[in-house]
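Read the structure below first, then the notes.
FYI, it's all coordinate maths here, none of it is from the lab. Here the structure is a predicted model, which means the values were calculated and not measured. Because the Cβ atoms are built from the backbone with ideal geometry, glycine has one as well, and the counts that use them run over all protein chains shown.
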Amino acid sequence: MLSLLIYSSKQDEIELLQDTVRDVVAYLSDEHLDIFVMTEWKPERLEQKDHFEVALVDVTADGGLQAAVHIREGFPSADIVIVSDQTISPVAYLIPEIRASLLLLKPFVYRDVVERIRGLFAVMSRWDRQSEDVFVFQDSGENRRVPYAKILYFEARNKRIYLRVQSREYGLQGTMESLETVLPEFFTRCHRGFIVNVNYVSKVWYSRNAIHLTNGEEIPLSRSYKTVMKEALKNGIDDQ
């Protein structure tokens, strides 16, 4: 599944972008496309979203520049497409805080929009394979992509692996041993049934074999993995 965000206040432009992206995706892939549209900038609506492959942001809309910066902060692996016109200087949006992948200028020329969006999707490194910063797995027969930075932990339970993010969990096939070979170095095995993202560890209670996460959850720590955990955390977490 490919997830797309469109932020614009003009319905005709939203429809043009939606139709263009659908046509491009249908041409390049058979994956399902999930499009999330925002016509007003309400960042709280994004709290339950785990990732976007592409975000098209109209910086001429109210709060457009703020939206682009917020999206980059919350979804660092997304390709951001800036939609603008001649009334806004490129200095405003061609900044490190946004790191735009593509610029679409209004008024739109349909052929140009199609060619530029097709070019973006065609060269996306995660289009047909796992990129360095995104975990790819099968979910209900479709490929799903979740940025590693959004994953709290993996848990082995009931003969399946469960991937946990802030808002939900996903079930997938595999083994913990195979996961260990592909995950980035900030994931550490802490228990026979758990692999944790150490960036979400707030405290470790070595004395009672428990790990406290930044979202308030607690997961177990096996005695056999204490040394591994201490090395992964560089002893930077207090034991209480």
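Name the residues in the stretch 196-223 that are under 19 Å from residue 168 (Cα atoms) and in contact with a Cys (Cβ under 6 Å, 6 or more places away or on another chain), would you?
196
Can you say whether residue 13 is more than 26 Å from residue 107 (Cα to Cα) and either in a helix (DSSP H, G or I) or among the aliphatic types (A, V, I, L, M) (or both), as far as the supplied structure shows?
In short, no.
Do the conditions hold for residue 18, that is, is it surrounded by fewer than 14 Cβ atoms within 10 Å (Cβ to Cβ) and either assigned to a helix (DSSP H, G or I) or over 16 Å from the mean Cα position of the chain (by Cα) (or both)?
Judged against the criteria, residue 18 is not a match.
Hey, could you check the stretch 84-109 for residues that are polar (S, T, N, Q) and more than 19 Å from residue 121 (Cα to Cα) and say which is nearest to the chain's Cα centre (by Cα)? Give the steps one after another, and end with the answer.
From the stretch 84-109, those polar (S, T, N, Q) are 84, 86-87, 89, 101; that's our starting set.
Filter once more, keeping what is more than 19 Å from residue 121 (Cα to Cα): 84, 86-87, 89.
Numbers: 84: 24, 86: 31, 87: 31, 89: 29 Å.
Ranking the candidates gives 84 first.
Of everything in the stretch 71-90, what is over 12 Å from residue 59 (Cα atoms) and either exposed (fewer than 14 other Cβ atoms within 10 Å of the Cβ) or without any contact (Cβ under 8 Å) to a residue 60 or more places away in the chain (or both)? Give them in sequence order.
Listed by number, the residues that qualify are 72, 73, 74, 76, 79.
Among the candidates 108, 52, which residue alone is among the aromatic types (Phe, Trp, Tyr), touching a Leu at 6+ places or on another chain (Cβ under 8 Å) and without any contact (Cβ under 8 Å) to a residue 60 or more places away in the chain? First the steps, then the outcome.
Working: 108 fails: without any contact (Cβ under 8 Å) to a residue 60 or more places away in the chain.
One residue alone meets the criteria, 52.
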